[in-house]
Amino acid sequence: MREAITSLPGNPLQRIPGVAVTLVLLVAVFGSVAPGFLSPANITNVLVQSTVLMMLALPMTLIIMTEGLDLSMGAVLTFTSLVVAIVSLATGSMLLGLGAAILAGAVFGTVNGWLVATLGIPPFVATLGTLGTAQGLSLIISDGQSVVGIPHSVRDIYSATVAGVPVPVVIALVSYAAFHILLYHTRFGTYIFALGGNREALKYAGLASNRLLIAVYATGGMMAGVAGLLMTARMNSGHPTAGLGLEFDAIAAVAVGGTSFERGNGWLFGTALGVIAVGVLRNGLNLMALPSSIQVASVGLLVIVALFFDGLRSRS
Amino acid sequence: MTDLAKQALAPPRSLVSGDALQILYRLLAALLICVVLSFLSDSFLSLGNILNVLRQASLMFFIASGLTLVVLTAGLDLSVGANVALSACLAGTVIQQTGSPTLGVLTGLATGGIIGLLNGMMVTALRIPSFIATYGMLWVLNGLTYWYMAGETIHGFPPGFRQIGSGYLFGLPIPVYLLLIFLAVGTIFAQRTTWGQEIYATGANPVAARLSGIPIARRLLLVYGVSGTMAGMASIVFLARLNSAEADIGESLTLPAIAAVLIGGTSLFGGVGTVFGTFVGALILTLVLNGMNLLSVNASWQPIVTGVIVVLAVWVDMKTRRRTS
């Protein structure tokens, strides 16, 4: 009984220090050593570049809260960004490209959810399988080549502004608001907390936990579709390795943001801060002219450190 | 009815044990694939192709055999491919700088082993779930390897060293002999030594294992260390076979290695499986990929097929498990 009480999700405010300290430290370090880091142009750049990651990290938070994981997100993003490029090139319509990408992402997400929920396959293996599938399909539909010559309407998504705010940032803010409402102000959100914390209770309450879980993974796929549009707009082309490893940045953002891998409690605002922390880390190392390989290794270290502290917290 | 009563009432055990039967099924599946492929492609049964399949299966087995021990403890090592890449690049550098293959081999094995031990420490001392810890390690290693190589390729090794990967002895490729050695050592270690049995026990029921005095942390450290060392071993054979080292050689190795372990009947939930099963799994997967190659299927289908096989293998394992329990 005592175990049940101590394992209840704690006050989320207790977690502010972790991710906030990380972010402040990173900003302080890079502000002092990386030339031009604190310039307004660069800060805007960090925020705009973080938007793709935000699209993935928001649903990843929900998935990890259900004690799941989606390793296929980066590969699915690659696939959807190619879908955006190919469909918009063929039809000349940005919206048709976006629609097709969201649909393609939803199919992958639903398959992930079905494998995990209905067949009961451990999430990291199920999504590792779909990772391979999405990678192969990306190579097949692109023939291993970049898709170039996409319409202006797609490119403009990345460079346009609304009242001075870049459109990608607007999309990220709207997505954050939507996920916040979904998680904290709807019944679906409450069920997500229950999926991670107490799945048995959901069953006894007569709820179809399988369908809820499939919906969570499908949401992840659809958001990978939206991210696919941003990615294609940013690179001004579709590329068969566009999303390589991005799922790891998303996992890093969620882990740094204080969502636990084992106890089914998550914190959406922490994830948003975590996304910015990962963006700051990559941008700062970039400004110091360190190669992207060092950035990748640093994100890996960031995750391991974050999980170490998560483990410490869960033991205390 | 208690489990004990159930056992007493169960029909007498057949001559062939369940494990052996599972492996027999898999060998029959491999044979069936061979028969189908020999009808579909003329070149399948050529000596050159068969030796090629055996060599490919050996390379896959080196990585998968160490991974089998990890999966037996209900863990997973996603860093093996990236481990092979870094170990190969470091070993290649040492061979070129010193001219000594022996030092190179030692470097490869040591690099792999140290990475494995670091994985083990993250899982035991830091208590990070193994699939996340080793996934983090994957990206750390990838970053280090690309940074270290900076887009360069190390090329050209002494002929004696290259024999390890491309040489023949009595008509069989050298890697096949290495395969037989490691198959024997792995099987004896897992089935016939106390440490091996303790690894099974740790995976089957960690609580019971701890209560019966098994030093779980040390066994886990051993298992991840062995997995890393075998990745280092594989890196040497790859280096000798390719006669060059590049930062990206490990990228397509992890998924097939996991597939080989799972096809071979080792359960993701720990405690069930054999090293020999993994060998058969590696053989089956190699045959499938070789067949796709011979039938000139676009190589992009390989990760798709491997991914589907991984999911299918886990699903079949769970189905059979549910029925028996």
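The values are calculated or read from the model by the stated rules, or taken from the named source; none is laboratory data. Just so you know, these numbers come straight off a predicted model, no measurement behind them. Note: ideal-geometry Cβ built from the backbone for every residue, glycine included; neighbour counts use all protein chains shown.
Take the residues in region B:72-84 that are in contact with an Asp or Glu (Cβ under 9 Å, 6 or more places away or on another chain) and over 18 Å from B:A150 (Cβ atoms); name whichever of them is surrounded by the fewest Cβ atoms within 10 Å (Cβ to Cβ).
So, considering only residues that are in contact with an Asp or Glu (Cβ under 9 Å, 6 or more places away or on another chain) and over 18 Å from B:A150 (Cβ atoms), the one surrounded by the fewest Cβ atoms within 10 Å (Cβ to Cβ) is B:G81.
Any residue in region A:193-204 that is in a helix (DSSP H, G or I), over 30 Å from A:T91 (Cα atoms) and of a type in the set (F, W, Y)?
yes
Before we move on, is A:A233 under 24 Å from A:V154 (Cα atoms) and either among the acidic types (D, E) or over 14 Å from the mean Cα position of the chain (by Cα) (or both)?
So A:A233 passes the test.
Taking only region B:165-183 into account, find how many residues are of a type in the set (A, V, I, L, M) and either surrounded by 19 or more Cβ atoms within 10 Å (Cβ to Cβ) or modelled with pLDDT under 85 (or both). Working first, answer last.
Taking region B:165-183 and keeping what is of a type in the set (A, V, I, L, M), we get B:169, B:172, B:174, B:176, B:178-181, B:183.
Cutting the leftovers down to either surrounded by 19 or more Cβ atoms within 10 Å (Cβ to Cβ) or modelled with pLDDT under 85 (or both) gives us B:174, B:178-179.
Residues meeting the conditions: 3.
Could you look through region B:310-325, keep only residues that are of a type outside the set (V, I, T) and within 11 Å of chain A (Cβ to nearest Cβ), and pick out the one that is nearest to the chain's Cα centre (by Cα)?
B:A313
Among the residues of region A:282-313 satisfying the criterion of being among the small types (G, A, S), over 14 Å from A:G18 (Cα atoms) and within 14 Å of chain B (Cβ to nearest Cβ), which is surrounded by the most Cβ atoms within 10 Å (Cβ to Cβ)?
A:G300
Among residues belonging to region B:85-100 that are surrounded by fewer than 24 Cβ atoms within 10 Å (Cβ to Cβ) and hydroxyl-bearing (S, T, Y), point out the one that is farthest from the chain's Cα centre (by Cα).
B:T98
Which of (1) in contact with a strand residue (DSSP E or B) (Cβ under 9 Å, 6 or more places away or on another chain); (2) in a loop (DSSP other than H, G, I, E, B) is the odd one out, the single condition A:G228 does not satisfy?
(2)
Quick check on region A:116-128: of everything there that is within 22 Å of B:P256 (Cβ to Cβ) and in contact (Cβ under 8 Å) with a residue 24 or more places away in the chain, which residue is nearest to the other protein chains (Cβ to nearest Cβ)?
Ranking the candidates gives A:F124 first.
Among the residues of region A:103-115, how many are closer than 14 Å to A:L69 by Cβ and within 14 Å of chain B (Cβ to nearest Cβ)?
3
Taking the condition among the aromatic types (F, W, Y) and not in a helix (DSSP H, G or I), does A:F261 pass?
So A:F261 passes the test.
Within the group B:L312, B:L268, B:L255, which residue is outside any loop (DSSP other than H, G, I, E, B) and under 29 Å from B:V185 (Cα atoms)?
After ruling out the rest, the residue left standing is B:L255.
Would you call B:S212 hydroxyl-bearing (S, T, Y), at pLDDT 90 or above and closer than 21 Å to B:G75 by Cα?
The answer is no for B:S212.
Output the number of the condition that A:G228 fails; it satisfies all remaining conditions of (1) crowded, with 22+ Cβ neighbours inside 10 Å; (2) within 14 Å of chain B (Cβ to nearest Cβ).
Going through (1) crowded, with 22+ Cβ neighbours inside 10 Å; (2) within 14 Å of chain B (Cβ to nearest Cβ) one by one, A:G228 breaks only (2).
Right, B:V223: under 13 Å from the mean Cα position of the chain (by Cα), β-branched (V, I, T) and either part of a helix (DSSP H, G or I) or crowded, with 18+ Cβ neighbours inside 10 Å (or both) or not?
Numbers: under 13 Å from the mean Cα position of the chain (by Cα): yes; β-branched (V, I, T): yes; either part of a helix (DSSP H, G or I) or crowded, with 18+ Cβ neighbours inside 10 Å (or both): yes.
The answer is yes for B:V223.
Enumerate the pairs (first residue in region B:107-127 and at positive phi; second residue anywhere and buried (at least 17 other Cβ atoms within 10 Å of the Cβ) and assigned to a helix (DSSP H, G or I)) with beta-carbon separation below 7 Å, excluding pairs fewer than 6 apart on the same chain, so at least 6 apart or on different chains.
Taking only residues 6 or more apart or on different chains, the pairs are B:R127/A:G311.
Only one of A:Y184, A:Y158 is out of contact with any Gly (no Cβ under 6 Å at 6 or more places or on another chain), at negative phi and surrounded by fewer than 18 Cβ atoms within 10 Å (Cβ to Cβ). Can you tell me which? Show your work before the answer.
Details: A:Y158 fails: surrounded by fewer than 18 Cβ atoms within 10 Å (Cβ to Cβ).
Result: A:Y184 is the single residue among A:Y184, A:Y158 that is out of contact with any Gly (no Cβ under 6 Å at 6 or more places or on another chain), at negative phi and surrounded by fewer than 18 Cβ atoms within 10 Å (Cβ to Cβ).
Of A:V76, A:V87, A:V147, which residue is free of Cβ contacts under 8 Å to residues at least 24 places away in the same chain and under 15 Å from A:T232 (Cα atoms)?
That would be A:V87, the only listed residue that is free of Cβ contacts under 8 Å to residues at least 24 places away in the same chain and under 15 Å from A:T232 (Cα atoms).
Please go through region A:33-52 and pick out each residue that is in contact with a Leu (Cβ under 8 Å, 6 or more places away or on another chain) and surrounded by fewer than 24 Cβ atoms within 10 Å (Cβ to Cβ).
A:A34, A:P35, A:G36, A:F37, A:N42
Looking at (1) assigned to a helix (DSSP H, G or I); (2) within 12 Å of chain A (Cβ to nearest Cβ), find the lone condition where B:F279 falls short.
Exception for B:F279: condition (2).
Going by the structure shown, is A:A100 more than 10 Å from every other protein chain (Cβ to nearest Cβ) and either under 12 Å from A:V76 (Cα atoms) or part of a loop (DSSP other than H, G, I, E, B) (or both)? Spell out the reasoning first.
Values: more than 10 Å from every other protein chain (Cβ to nearest Cβ): yes; either under 12 Å from A:V76 (Cα atoms) or part of a loop (DSSP other than H, G, I, E, B) (or both): no.
So A:A100 fails the test.
Which one of these is within 14 Å of chain B (Cβ to nearest Cβ), part of a loop (DSSP other than H, G, I, E, B) and of a type outside the set (D, E, K, R): A:Q135, A:Q145?
A:Q145
Quick one: would you say A:A104 is crowded, with 16+ Cβ neighbours inside 10 Å and not polar (S, T, N, Q)?
yes
Can you give me the number of residues within region B:106-158 that are surrounded by fewer than 22 Cβ atoms within 10 Å (Cβ to Cβ) and part of a loop (DSSP other than H, G, I, E, B)?
Adding up the residues that qualify gives 10.
Looking only at residues that are within 13 Å of chain B (Cβ to nearest Cβ) and buried (at least 20 other Cβ atoms within 10 Å of the Cβ) in region A:262-281, which one is nearest to A:D310 (Cα to Cα)? Even if it seems obvious, please write down each step before you answer.
The first filter runs over region A:262-281 and keeps only residues within 13 Å of chain B (Cβ to nearest Cβ), leaving A:262-263, A:278, A:281.
Imposing the further condition that a residue be buried (at least 20 other Cβ atoms within 10 Å of the Cβ) reduces the set to A:278, A:281.
Details: A:V278: 17, A:L281: 20 Å.
Of everything passing the filter in region A:262-281, A:V278 is nearest to A:D310 (Cα to Cα).
Residue by residue through region B:282-309, note down the ones that are free of Cβ contacts under 8 Å to residues at least 12 places away in the same chain, assigned to a helix (DSSP H, G or I) and within 9 Å of chain A (Cβ to nearest Cβ). So that I can check it myself, show each step before the final result.
In the first step, residues of region B:282-309 are kept if they are free of Cβ contacts under 8 Å to residues at least 12 places away in the same chain; the result is B:293, B:296-301, B:304, B:308.
The next check asks that each one be assigned to a helix (DSSP H, G or I); those that pass are B:293, B:301, B:304, B:308.
Matches in region B:282-309: B:W301, B:I304, B:V308.
Identify all residues within region B:104-158 that are touching a Lys or Arg at 6+ places or on another chain (Cβ under 9 Å) and more than 7 Å from every other protein chain (Cβ to nearest Cβ); write none if there are none.
B:T124
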